[in-house]
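The values are calculated or read from the model by the stated rules, or taken from the named source; none is laboratory data. Treat the numbers as computed from the prediction; the structure is a model and nothing was measured. Cβ placement follows ideal geometry from the backbone for every residue including glycine, while neighbour counts extend to all protein chains displayed. Protein only, heavy atoms only, side chains kept; ligands, DNA and RNA dropped before computing areas. Shrake-Rupley method; radii C 1.70, N 1.55, O 1.52, S 1.80 Å.
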Amino acid sequence: MAKSRFVYRYAWAAAFTIAAASPASPQGAGAASDAGPTWVQVPKGLGRITAADIGLVINTADPYSEQVGAYYIDKRRLKENQVLRLALPVRATLTPEEFADLKRQIDDHFGPKVQALALAWTQPYAVQCNAITGALALGFDPELCRQTCGRSRPSPYFNAATSRPYTDKGLRLAMLLAASDVAQAKALVDRGVAADRSLGWRGAPPVTAYYLSTQDAARNVRARLYPPVGLMRRQGVQVQVEQGDALTEKDRLLLAETGLAKVDGLERLHWVDGALADHLTSFGGQLDRQGGQTTALAWIASGATASYGTVTEPCNHLQKFPHPQLLLLHYLQGSSAIEAYWKSVAWPQQGVFVGEPLAAPFAR
């Protein structure tokens, strides 16, 4: 996202006008007030997506996909009817025709019980200007390619309570099991499995939710949505907000968010299993990008379990990126990583969701 192309204004959707709650009651997703950051309400979560609800798609033309898919079947104990094997081009972007065939095969294979998809590949991550995860859930939108900085289709799953997105909203969520190589992908899956029900227990040391506010005015727009700092005692989460242009060393890190084109200091972060992390920039979802802007795969390589990035120039509409508090608070309610990330993005058409979808450290 070249700075000259950024829109220095805010197109607020109705989805972001969420009623404020008491600052002392961290039950929701935040917006700043004159007195400083406050918490605003999120709906109470109703269950979560589990391994029984997910469908796995494997690209038989991609050795990475075959190996990672097989590993995921074993680790998440998926049944054969939960797996679809098909052949796709191994490149960054699908044509609309190629995507239509993929979507047809997915719809034909998976029944109404499958609420979400794990895509066992790193490429393809886009359909023209749409992210592949957004297109699978919301349908391919060719009009968006005329003006990628425009408003995109709203997600009916934004800040939703349900754990049955396909049943209740007609939306089959998707996430890429993406990493730089097979070894990193297997480590990613291991982190996701190890995360389940691992956090939030009484007496355990707290984990950290870390928000970095930068001097990059265009990419720092989410800072106004950062939560109040302090310890969330019931959940065992210490919220930290810092100023700077490079990450500082953190232990037991659950979440990290910032706004930068290039993120420095990833080697200073020590993650817990199931950690979430992303940065607001133009092309964090271009997973094959070399040099320039940091991609979501850098967060995965550093030890995060899920991330997000846009595949085409989105401009800095807040609705196109994860809402900092919604992401955290839905996760703390016990949502899986795929649910927490999808519930935090109002306009997800250009954003690709990456990681181990079923990680749920606060599940009970």
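Laid out as a table, the results:
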item: Contacts under 9 angstrom Cβ, first residue in the stretch 205-216 being within 13 Å of HIS270 (Cβ to Cβ), partner among the charged types (D, E, K, R) and open to solvent by less than 10 Å² (accessible area, probe 1.4 Å), 6 or more apart; result: TYR210/GLU257
item: The stretch 55-78: number of residues that are part of a loop (DSSP other than H, G, I, E, B) and farther than 19 Å from ALA195 by Cα; result: 3
item: Residue match in the stretch 31-49 (condition: modelled with pLDDT of 90 or more, open to solvent by 70 Å² or more (accessible area, probe 1.4 Å) and not polar (S, T, N, Q)); result: yes
item: Failed criterion for SER152 (all others in (1) closer than 22 Å to TYR64 by Cβ; (2) touching a Gly at 6+ places or on another chain (Cβ under 9 Å); (3) open to solvent by less than 30 Å² (accessible area, probe 1.4 Å) hold); result: (1)
item: Restricting the stretch 110-135 to residues that are farther than 22 Å from ARG76 by Cα and in contact with a helix residue (DSSP H, G or I) (Cβ under 7 Å, 6 or more places away or on another chain), the residue that is surrounded by the fewest Cβ atoms within 10 Å (Cβ to Cβ); result: GLN128
item: Selection from the stretch 230-260 of residues that are among the small types (Gly, Ala, Ser) and surrounded by fewer than 19 Cβ atoms within 10 Å (Cβ to Cβ); result: GLY230, GLY244, ALA246
item: Any pair with Cβ under 9 angstrom, 6 or more apart, that starts in the stretch 219-231 at a residue that is of a type in the set (Gly, Ala, Ser) and ends at one that is at pLDDT below 95; result: ALA223/ALA32; GLY230/PRO26
item: Which listed residue, of ALA337, ALA359, ALA363, is surrounded by fewer than 24 Cβ atoms within 10 Å (Cβ to Cβ), in contact with a Gly (Cβ under 8 Å, 6 or more places away or on another chain) and of a type outside the set (D, E, K, R); result: ALA363
item: Elements of type helices (runs of 4 or more DSSP H) contained in the stretch 294-364, each with 2 or more residues being without any contact (Cβ under 8 Å) to a residue 60 or more places away in the chain and more than 15 Å from LEU225 (Cβ to Cβ); result: 296-302
item: Check on GLN290, at pLDDT below 95 and under 24 Å from CYS145 (Cα atoms); result: yes
item: Considering residues of the stretch 201-228 that are under 20 Å from HIS279 (Cβ atoms) and open to solvent by 50 Å² or more (accessible area, probe 1.4 Å) only, the residue nearest to the chain's Cα centre (by Cα); result: ARG224
item: Qualifying residue in the stretch 345-356 (condition: within 20 Å of ILE54 (Cβ to Cβ) and modelled with pLDDT under 95); result: no
item: Some residue of the stretch 213-235 being in a loop (DSSP other than H, G, I, E, B), more than 20 Å from VAL40 (Cβ to Cβ), among the hydrophobic types (A, V, I, L, M, F, W, C) and modelled with pLDDT of 95 or more; result: yes
item: Total residues in the stretch 266-293, condition open to solvent by 30 Å² or more (accessible area, probe 1.4 Å) and assigned to a loop (DSSP other than H, G, I, E, B); result: 7
item: Near pairs, Cβ below 6 angstrom, 6+ apart or cross-chain, from the stretch 235-248 (within 23 Å of ARG197 (Cα to Cα) and in contact (Cβ under 8 Å) with a residue 60 or more places away in the chain) to any residue that is of a type in the set (Gly, Ala, Ser) and in a loop (DSSP other than H, G, I, E, B); result: GLN235/GLY200
item: Residue tally, condition open to solvent by 70 Å² or more (accessible area, probe 1.4 Å) and either at pLDDT below 95 or within 23 Å of the chain's Cα centre (by Cα) (or both), over the stretch 78-109; result: 2
item: Enumeration of residues in the stretch 51-74 that are among the charged types (D, E, K, R) and either over 23 Å from the mean Cα position of the chain (by Cα) or within 18 Å of ASP181 (Cα to Cα) (or both); result: ASP62, GLU66, ASP74
item: From the options LEU144, LEU171, residue that is part of a loop (DSSP other than H, G, I, E, B) and crowded, with 16+ Cβ neighbours inside 10 Å; result: LEU171
